[in-house]
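The values are calculated or read from the model by the stated rules, or taken from the named source; none is laboratory data. No experiment lies behind these values; they were computed from the predicted model shown. Note that we place each Cβ from the backbone using ideal geometry, even for glycine, and neighbour counts take in every protein chain shown.
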Amino acid sequence: MKTMKHQIFSTALVEEAARKMKVANLQEATIGEVLLVASHLEKETGIPFIRMDQGSPGLPANRIGIEAEKAALDRGVGATYPAAAGVQELKEAASRFVKAFINTDISPRSCIPTTGSVASSFSSFIACTQRNPQKDTVLFIDPGFPIQKSQLRILGVKWEQFDIYHFRGNNLRDKLESFLEKGHIAAIIYSNPNNPAWICLEESELKIIGELATKHDVIVLEDLAYFCMDFRKDMGKPFEPPYPPTVARYTDNYIIMLSASKIFSYAGQRIALACISDKLFDRQFPALAERYADSGIFGPTFIASILYMITSGCTASTQYGYAEMLNRSVDGTIDFVADTRVYAERASQMKKIFTDNGFHIVYDRDVTQPVGDGFFFTIGYGDMTSGELMQELLYYGVSSISLSTTGSNQQGVRGCTSRMRDELYPILQERMENRRIYVCISADICFVSWKTKGNTMGI
C-alpha cells in the first residue's frame with residue numbers, strides 16, 4: 001500500500017529556497033540556515049510557518065529594565081567608558097540575585113558583565129584552556145548549544161563530547177571519569193535546563209560533576225540561560241527554597257553564566273553575567289601569567305586580558321537596566337518565573353498536537369520524573385533520522401532544528417515554543433493531522449483526499 005502525502009510546500013519549492021539561500025545540505029542545515037529557508041518560503045508564498053527554529057524570546061522586553069536604561073542615559077552614562085569589570089551597581093545586584101535565587105555566595109567583584117552568555121562562554125573557553133598546558137580540551141555534556149563548538153573552532157581548541165541520554169543518574173559518574181582520568185580536560189560545559197532537550201540535571205548529578213571537577217581540577221561552565229524555568233517546581237521566590245540545582249554547591253571550580261535574554265526577554269540588549277567562584281577568581285596560574293604578562297590570577301586575567309579584548313566591556317546603560325531588573329527580582333517587584341511560565345503552557349499544547357499525530361518525545365525523562373514543559377522540547381517520528389524529519393517538517397510549514405546539530409545521538413528535532421501564537425495552534429493541528437492523508441480503494445490503490453482551506457493548499 002503506497003502512502004501519499006499532502007505537502008504545504010512542494011519538494012521542489014523547498015529545494016529551490018535552499019539553493020537561493022546557499023544551503024548546501026538541507027538535512028544538515030544550521031539554525032541560521034533553517035531560519036533563512038523558512039523566512040524565504042513565508043515571504044514568497046504568504047503562507048505562515050510554524051516557527052520552531054530560533055530560540056528568540058516571544059515576550060516583550062521587561063519595562064523596568066527599559067526605564068532604568070533611559071534614566072541612566074539621562075544621567076549621562078553614555079558619555080564615559082564603563083569599567084572593564086562592570087559597573088558596581090550591577091555587580092552588587094548580581095551578587096544579591098545569586099544569593100536570593102541560588103542560595104550561593106559570590107562576591108560582587110567576581111560577578112562580571114558580558115555581552116550575552118556567548119561572550120561569557122567564549123572568554124571562559126580561553127581562560128580555562130590556557131591556564132594549564134596539560135589541560136587543552138573542553139568536554140561537552142550534550143546535547144547542547146551548537147554555537148559553543150563554533151567558538152572552539154575559531155579558537156582552535158579541541159573538544160570531546162557525549163550524549164547524556166544513556167548516562168543519567170549514577171551512570172554519569174563512570175562516563176565522566178572515563179574522560180577526566182586522562183588529565184587533558186580543562187572544562188566541562190552544559191546547560192540546565194537544557195537547550196535543546198529541556199532535560200534538567202538533578203542535584204545528585206550535579207554533585208557527581210562537582211566532585212569530579214574538584215578531583216581532576218576541571219572548571220565547570222554552568223550555562224543557566226533558562227534560569228528557574230523548570231516549572232515543575234516554584235523556584236521564583238527570593239531567599240526561599242526550593243532553589244534550582246547547581247554545581248556551585250559541590251565544587252569551587254565553576255563559572256555560572258546568567259543571561260537576561262530569556263528570563264527578562266532582554267535578548268536585544270545583549271547582557272549577561274559570568275559569576276566566577278571566589279576561590280577560582282583568586283587562583284593564580286603561572287601559564288596565564290606568562291602568556292599575558294600579568295599576575296596570572298584567574299579573575300583579573302579573565303576581565304582585563306581576555307574579556308575586554310573581545311568586547312571592550314558592556315554598554316553602560318544596559319548594565320544599569322540589568323541591575324534594576326535583578327534588584328527588583330530580589331525585592332519581589334518582578335516575578336520573572338511567573339512572567340515566563342507561558343512557555344510551559346505553549347509546550348504542553350504543542351507537544352500534545354505532535355504526540356496525538358504519531359510523534360514521540362525524544363528526551364522524555366529526567367532521573368526521577370518525566371521531563372517538564374518549557375522553552376524547548378524534542379520530537380521524533382518513527383525511524384526517520386534527524387535530518388529527514390527536519391526536512392520533512394519544512395514541507396508542512398514547520399521549521400525546527402535537527403538534533404544532529406546539537407551533539408545528540410538520538411533521532412529527532414528540537415522545537416522552540418517562544419514564537420508560538422494562539423492563532424497558530426489550529427494551523428499546526430491541521431497540518432499534522434493531514435501530514436499523511438490517503439484513501440484506500442483497495443490494497444493496491446490509494447489516492448490523496450484533501451480539502452483546501454485558505455492558504456494551506458499545496459504549492
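Okay, residues lined up against (1) more than 18 Å from A100 (Cα to Cα); (2) of a type in the set (D, E, K, R):
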site	(1), (2)
S312	yes, no
Y320	yes, no
A323	no, no
M350	yes, no
D356	yes, yes
Q369	yes, no
G372	yes, no
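Does the stretch 319-361 hold any residues that are under 24 Å from A94 (Cβ atoms) and surrounded by fewer than 20 Cβ atoms within 10 Å (Cβ to Cβ), and which are they?
R328, V330, D331, G332, T333, D335, A338, D339, R341
If we only count helices (runs of 4 or more DSSP H) wholly inside the stretch 310-427, which ones have 3 or more residues that are over 29 Å from E69 (Cα atoms) and touching a helix residue (DSSP H, G or I) at 6+ places or on another chain (Cβ under 6 Å)?
Working: elements: 316-330, 336-340, 342-356, 386-395.
Helices (runs of 4 or more DSSP H) meeting the threshold: 386-395.
When the stretch 10-34 is examined, which residues are found to be more than 18 Å from G412 (Cα to Cα), aliphatic (A, V, I, L, M) and part of a helix (DSSP H, G or I)?
Those that are more than 18 Å from G412 (Cα to Cα), aliphatic (A, V, I, L, M) and part of a helix (DSSP H, G or I): A12, L13, V14, A17, A18.
Could you say whether any residue in the stretch 311-318 is surrounded by fewer than 22 Cβ atoms within 10 Å (Cβ to Cβ), β-branched (V, I, T) and at pLDDT below 95?
Yes, the stretch 311-318 contains a residue that is surrounded by fewer than 22 Cβ atoms within 10 Å (Cβ to Cβ), β-branched (V, I, T) and at pLDDT below 95.
Of these, E160, E69, which one is in a strand (DSSP E or B) and not hydrophobic (A, V, I, L, M, F, W, C)? Lay out the reasoning, then the answer.
Working: E69 fails: in a strand (DSSP E or B).
The unique qualifying residue is E160.
Go through the stretch 98-154 residue by residue and tally those that are part of a loop (DSSP other than H, G, I, E, B) and not hydroxyl-bearing (S, T, Y).
Total meeting the criteria: 12.
Does the stretch 286-309 hold any residues that are part of a helix (DSSP H, G or I) and closer than 16 Å to C111 by Cα, and which are they? Let's see the steps before the verdict.
Initially, the stretch 286-309 is screened for residues part of a helix (DSSP H, G or I), giving 286-292, 298-309.
Result: F298, G299, P300, T301, F302, I303, A304, I306, L307, Y308.
Answer yes or no as to whether R173 is within 18 Å of N253 (Cβ to Cβ), among the charged types (D, E, K, R) and more than 17 Å from the chain's Cα centre (by Cα).
Numbers: within 18 Å of N253 (Cβ to Cβ): yes; among the charged types (D, E, K, R): yes; more than 17 Å from the chain's Cα centre (by Cα): yes.
Here the answer is yes, as R173 does meet what is asked.
It is to be established whether one or more residues within the stretch 184-201 are of a type in the set (A, V, I, L, M, F, W, C) and on the phi > 0 side of the Ramachandran plot.
Looking only at the stretch 184-201, we keep the residues that are of a type in the set (A, V, I, L, M, F, W, C), and these are 185-189, 197-201.
Restricting the remaining residues to those that are on the phi > 0 side of the Ramachandran plot gives 198.
Scanning the stretch 184-201, I find at least one residue that is of a type in the set (A, V, I, L, M, F, W, C) and on the phi > 0 side of the Ramachandran plot, so the answer is yes.
Counting only residues that are modelled with pLDDT of 95 or more and in contact with a Cys (Cβ under 8 Å, 6 or more places away or on another chain), how many does the stretch 233-249 have?
Adding up the residues that qualify gives 2.
Scan the stretch 188-212 for residues that are in a loop (DSSP other than H, G, I, E, B) and within 14 Å of Y250 (Cβ to Cβ) and report the count. Quick ask: steps written out before the conclusion?
Let us first name the residues in the stretch 188-212 that are in a loop (DSSP other than H, G, I, E, B), namely 192-202.
Now narrow it down to the ones that are within 14 Å of Y250 (Cβ to Cβ): 192, 201-202.
Matching residues across the stretch 188-212 total 3.
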